[in-house]
Amino acid sequence: MKQQHYDSLYLFINGTWLEAGSRDTAAVVNPATEKTIGRVPLATADDLELALNAANSSFNVWRNTVPAKRAQIMKDAAALMRQRAEHIATQMTLEEGKPLHESRDEVLRAAEYFEWFAEEARRIDGRVVPSNRPGVQQLVKRQAIGPVAAFTPWNFPAITPARKLAAALAAGCSVIIKPGEESPATALALARCLDEAGLPKGVLQVVFGVPDQVSATLIASPIIRKVAFTGSVPVGRLLSERAAAGVKPITLELGGHGPVLVFDDADIEAAAVGGAANRFRGTGQICISSTRFLIQRSAYPQFVEQFVAATKELTIGDGLTEEVQVGPLANQRQLDKMASLVADAVAQGAKVLTGGKRIDRPGYFFEPTVLIDVPMSARIMHEEPFGPIAVLLPFDQLADGLAEANRLPYALSAYAFTSNARTALDVGDGLEAGMIGINQYRIIATELPFGGMKESGHGSEGGTEGIGHYLTNKFISQI
Ligand code: NAD
């Protein structure tokens, strides 16, 4: 494995790349080695004011840029992302830890969001509505909502910024984005592509800082007209309150605890082997991950055996090594959380079939872990694990399985495996989740609306639905 270069880190405000200078900085740590690889500048109050003013003045420029031009800049930026995919993917693996092949895939999918929404920019149409009064013409227009404040987490450092930026820019909005401080280089690399593709200065600012201070300042500013956040439920709730104070709409993509219903008529091996791969992808730090495997009782022994066997075969290590399938957790916090969730479940009677502890080597590595016989009182039955722990439990009838699947306030993703068309229809209807996979785990696509229900959030970030949150309706009634 050759030594890889980690990019310098900046704030990007009003078209200028700002070095740390006298600003405070935070360490960026490679989670596979625990070594500091860079320092990210933290925005001062003056930086945030500059960013707000730039977003405000550029909004008029950008919303008046014709859709074809906006689309071209976004497509040119996507082309640069594709050209630079290997470099950006390496940055992502260095700072986030995920295997290089997953990082490459993520960069390409981020580029696809820019391409998709570039096309959507050209389809922001309106309506002419017949009036009940003679001689009155009624127009309905959809216009860019205004400058956006967006907050994205460390686990998908390309795709979560891409979903927000692409839709907002296509709509004609200017944006201030605060990506996760743990994985800043990836978002900066995307911003560089947009800058070099000709995005007018001030239309996009990328800032880092103390998250709570940045969100408090940006959301309270009258300049910001729309908020978008991906992250945990408690932070989502806090940002909702802040947005509500200024009566600003907010799109929230929060946590999940994805149930998988495996019926005894399904291809059990496919559900088990694919389930292990899906559960431990991204070291389990994926909001739409399958976490609670509910298996119909007669298929339970086979599923458990095959799931555990597939888990034990996973190759764990530094994501820069090509054959690695599972990288480290993102940070020490995550490691401590996994250890405490397992200890709590075991203390209450759960059995660990494989894994269960930190791996004795540098880096935040935790063994892919499979738990059975977990009592309902265990924390992991209620809290999103957001790490490499799978819970397997049996169920009897469809109604019991559905009740367990829908028990939690989370409702982001859910999965079901069955060869019975009636069962597939019933679970598709009955599962409370924004995104459902039947007989498959890899379900996300640019052209589909990405988002959850209940406490997993609201608003969809892809598909034809994705651009609407960045537009506002206006009617003009003319006589
Ligand atoms: P966290 O909620 O502290 O942080 C998540 C992200 O939100 C970080 O990037 C952080 O910078 C940002 N953030 C935190 N407080 C903020 C604030 N006051 N204002 C603006 N942004 C803020 O969680 P964590 O410990 O970093 O991650 C673990 C938990 O986060 C998981 O249990 C999971 O629920 C959740 N999470 C969810 C997603 C997702 O894709 N839905 C992604 C990452 C984390």
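The values are calculated or read from the model by the stated rules, or taken from the named source; none is laboratory data. Since we're looking at a predicted model, the values are computed, not measured. Note that each Cβ is placed from the backbone with ideal geometry, even for glycine, and that neighbours are counted across all protein chains shown. Protein only, heavy atoms only, side chains kept; ligands, DNA and RNA dropped before computing areas. Shrake-Rupley method; radii C 1.70, N 1.55, O 1.52, S 1.80 Å.
Some values worked out for this structure:
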read-out	value
Segment 258-446: antiparallel DSSP beta bridges as a percent of all, rounded to 5	15 percent
Karplus (6.51, -1.76, 1.60) ³J(HN,Hα), θ = phi - 60°, over segment 230-245, in Hz, Gly and Pro reported as x	10, x, 7, 4, x, 5, x, 5, 4, 5, 4, 4, 5, 5, 4, 4
Heavy atoms of Phe450 accessible to a 1.4 Å probe, total area in Å² rounded to 10	10 Å²
Cα centre as origin, Lys/Arg/Asp/Glu Cβ charges: the chain dipole, Debye	1620 debye
Accessible surface of Phe293 - all protein chains present, 1.4 Å probe, nearest 10 Å²	0 Å²
Heavy atoms of Glu404 accessible to a 1.4 Å probe, total area in Å² rounded to 10	20 Å²
Listed residues Ala350, Val304, Gly452: farthest to the positive end of the dipole of the chain (Cβ charges)	Gly452
Förster-model FRET efficiency, 51 Å R0, Lys357 and Ala244, C-beta, rounded to 0.05	0.75
Contour minus Cα-Cα distance for Val346 and Arg379 (0.36 nm per residue)	10.8 nm
Heavy-atom surface of the chain, accessible at 1.4 Å and reported per residue (Å²)	39 Å²
Of Phe366, Leu412, Gly401, farthest towards positive along the dipole that unit charges on Lys, Arg, Asp, Glu beta carbons give segment 258-446	Phe366
Karplus-derived HN-Hα couplings along segment 58-67 (A = 6.51, B = -1.76, C = 1.60, θ = phi - 60°), whole Hz, x at Gly and Pro	6, 4, 5, 5, 6, 5, 8, 7, 4, x
Trp17, Trp62, ranked by accessible area, largest first (probe 1.4 Å)	Trp17, Trp62
Projected-area mean, the chain, by convex hull of Cα positions, square nanometres	24.1 nm²
Dipole magnitude (debye, nearest 20) for segment 258-446, charges at Cβ of Lys, Arg, Asp, Glu	460 debye
In sequence order, calculated HN-Hα J values of segment 336-351 (Karplus, 6.51, -1.76, 1.60; Hz; x Gly/Pro)	4, 5, 4, 4, 6, 5, 5, 4, 5, 5, 5, 4, 9, x, 5, 9
Ranked order, Ile479, Ile223 - accessible area, probe 1.4 Å, largest first	Ile479, Ile223
Viscosity 1.567 mPa s, 4 °C: Kirkwood-radius Stokes-Einstein D of segment 47-93 over Cα pairs, µm²/s	100 µm²/s
Spherically averaged projected area of segment 258-446 from its Cα convex hull (nm²)	10.5 nm²
Distance (nanometres) between label positions extended 7 Å along Cα→Cβ at Gln72 and Gln332	5.2 nm
Accessible surface, 1.4 Å probe, highest first, among residues Thr186, Thr33	Thr33, Thr186
Relative contact order %, the chain, counting alpha carbon pairs below 8 Å whose residues are six or more apart	18 percent
Percent accessible area from carbon and sulfur atoms, the chain, protein chains only, probe 1.4 Å	52 percent
Which of Val324, Ala118, Ala20, positive extreme of dipole for the chain (C-beta unit charges)	Ala118
Assigned charges on the beta-carbon of Lys, Arg, Asp, Glu; segment 1-65 dipole about Cα centre (debye)	260 debye
